[in-house]
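**Student:** Below is a structure I'd like to ask you about.
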Amino acid sequence: MCSSDLPAWLALSFLAALPTEALQTALDGLTDQLGAFVRAEERGETLVAVFERGDLTVLSTLDDQGRFTALRFAPLVATGTGAGSPREVLTRIFGGPFDASLFAPSFLAAVPEAQLRALLADVRAQFGALRDVQISAQIAGLIFERGQLNVTQFALDDQGRVTALILTSPPAQLASLDEARAAFAALPGQVSLLVQEVGAPAPAAALNVTRPLAVGSTFKLAILAELQAQVSAGQKQWTDEVTLTDADRSLPSGTLQDAPTGSRYTLRDLAARMIAQSDNTATDLLLGVVGRAGVEARFGQRPLPSTREAFALKNPANAALLAEYRAAVLSVPARRAVLERARVAPLPAASAFAGGGTLARDVEWFATPGTLCGLMAGVAGLKETQLNPGVADPSKFRSVSYKGGSEPGVLNLTTQVTTLTGRTYCVSATWNAPRPLQEDAFFGLYGATLNLLK
């Protein structure tokens, strides 16, 4: 559909929140990734958009003239019940004895078997036996004897093995943003929170917003922002291609580290992988394309390491290199020289990061929530930020743009939402502590905070 056709089926309130040009760009991005639109069909109570190379759930509301007042495309969770279906696989994972064959090698590389066994044992100890698995288009509910967990991200490869699995607790209940601020402040360690309505003179809620904290992969928003700027300036095109070499490989998350040497990817594909899947190899490829100067200026950290360089510095085998990096804390040129050597230094095994006890937490990406909300505001209209809604329930908002980041002791969630009443907010929360974090508690508070926005 061309842009001249769009206003006829969009309500004025929708166009005020998302201009025609931005919507057309988002739709073009969908077809770039999934191929041409084929048809819309109903599957039970779910409306599904069928493309050549995949399906998406359609979440929408209409006014009394049949025009869209809200429209969102979201990943489709299969609801089959037979052998190999998501329901059957989840039942085997959480209801039966541990079976490593249920998980793809890429998943076990990111979450080693010992850590996975311990996680599942903790779930059973806390919640008891699995009673049921309830799957809808957007979420899977795991019903246990003593409570419930939600599966907000779940994917299988072509052999039926798990490649993605994220659990969250059902959202906590909060009465106000003041109560949300107090709940985040009660977490141990260093915590920041910003709830900011776009265009408002003062934040709706703020906690420790002036001190930069480690935010993990959320720094990738700065790379996306710089890429968008260079495309807008005509210096790059989304269809430009990059070739993967052995020197480009980082560690998971993501899958490109396992792709064949010589594989070629468009900048748009790499951007989608970097944001929706937090693919580290895609991230480093894009950082090489756009250059560090613009990314560092946007993010406010100099020098800014690539993911590969950060992993190399955290490698216990490279302790001397890490010591040089730390000693050069007051010299940007000296640190750049160390990063250049880290770029070709050996990487650790992904399993080295499972316990989190020896991680160098000063080798990170540090930002205030205001910086992250500013970056998100600049790229929220790109479909790459809208593929993965994170903790937000897409049915409760007109639009959701999200990026998060984590490693042991580090967690950030940054989301920009437009509510059903047309108000746009950014919510950015960060938690740093010298021990593994209770991520479920953080996700629950964050989701409950989002639910307060009207």
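The values are calculated or read from the model by the stated rules, or taken from the named source; none is laboratory data. Quick caveat: nothing in here was measured; it's all calculated off a predicted structure. In this analysis, Cβ positions are derived from the backbone assuming ideal geometry, glycine residues included, and neighbour counts consider all displayed protein chains. Surface areas here come from the heavy atoms of the whole protein model, side chains and all, with no ligands, DNA or RNA. Shrake-Rupley method; radii C 1.70, N 1.55, O 1.52, S 1.80 Å.
**Student:** With the calculation restricted to Cα positions, what are the radius of gyration and Dmax of region 260-303 in angstrom?
**Tutor:** 11.4, 34
**Student:** Hey, what's the Cα Rg ratio for region 287-363 versus the globular rule of thumb, 2.2 N^0.38 Å?
**Tutor:** Working it through for region 287-363, the quotient is 1.09.
**Student:** OK, next. Could you give the accessible area per residue of region 233-380, probe 1.4 Å, as a whole number in Å²?
**Tutor:** Heavy-atom SASA per residue in region 233-380 reads 41 Å².
**Student:** Indicate the gyration tensor shape class of region 188-343 (rounded, prolate or oblate), computed on the Cα atoms with a ≥ b ≥ c the square roots of the eigenvalues: a/c under 1.5 is rounded; otherwise a/b larger than b/c is prolate and the rest oblate.
**Tutor:** Taking the square roots of the gyration eigenvalues as a ≥ b ≥ c, region 188-343 is oblate.
**Student:** Hey, if you put +1 on the Cβ of every Lys and Arg and -1 on every Asp and Glu Cβ in region 187-321, which of Ala297, Leu287, Ala225 ends up farthest toward the positive end of that dipole?
**Tutor:** Highest projection toward the positive end goes to Ala297.
**Student:** At a 1.4 Å probe, what is the % contribution of carbon and sulfur to the accessible area of region 127-230?
**Tutor:** Taking all protein chains in place, region 127-230 shows 50 percent carbon and sulfur surface.
**Student:** Related question: Report ³J(HN,Hα) in whole Hz for each residue of region 335-349, in order, from the Karplus equation J = 6.51 cos²θ - 1.76 cosθ + 1.60 where θ = phi - 60°; Gly and Pro get x.
**Tutor:** Result, ordered by residue: 5, 4, 5, 5, 5, 4, 6, 5, 4, 10, 6, x, 8, x, 6 Hz.
**Student:** Excluding residues fewer than 8 places away in the same chain, name every one of the lysines whose C-alpha is closer than 19 Å to that of Lys454.
**Tutor:** Within the straight-line limit of under 19 Å, Lys454 reaches these lysines: Lys396.
**Student:** If you don't mind, there's one more thing I want to ask. For a bin width of 10 Å, list the pair-distance distribution of region 176-241 built from all Cα-Cα distances, rounded to whole %.
**Tutor:** Answer for region 176-241: a P(r) of 17, 31, 28, 17, 8 percent.
**Student:** Using a 1.4 Å probe over the heavy atoms of the protein chains, calculate the carbon and sulfur portion of the accessible area of region 356-454 as a whole percent.
**Tutor:** Numbers: 1530 of 2920 Å².
Reported share for carbon and sulfur atoms: 52 percent.
**Student:** Would you mind checking the pairs Lys383/Lys403; Lys236/Lys314; Lys220/Lys383; Lys236/Lys383 and listing those with alpha carbons more than 23 angstrom apart?
**Tutor:** Cα-Cα > 23 Å for Lys236/Lys314; rest within.
**Student:** Another one. Take the alpha carbon gyration tensor of region 140-251, find the square roots of its eigenvalues, order them as a ≥ b ≥ c, and report rounded if a/c is under 1.5; if not, report prolate when a/b exceeds b/c, else oblate.
**Tutor:** oblate
**Student:** Another question, then. Heads up, I need the accessible area for Arg423: 1.4 angstrom probe, whole protein in place, Å², nearest 10.
**Tutor:** 110
**Student:** Next question. Could you tell me how far the Cα centroid of region 204-269 sits from the Cα centroid of region 433-453, in Å?
**Tutor:** 25
**Student:** Then there's this: Starting from 0.36 nm per residue, how many nanometres of slack lie between Ser176 and Ser351 once their C-alpha separation is accounted for?
**Tutor:** Here the answer is 58.9 nm.
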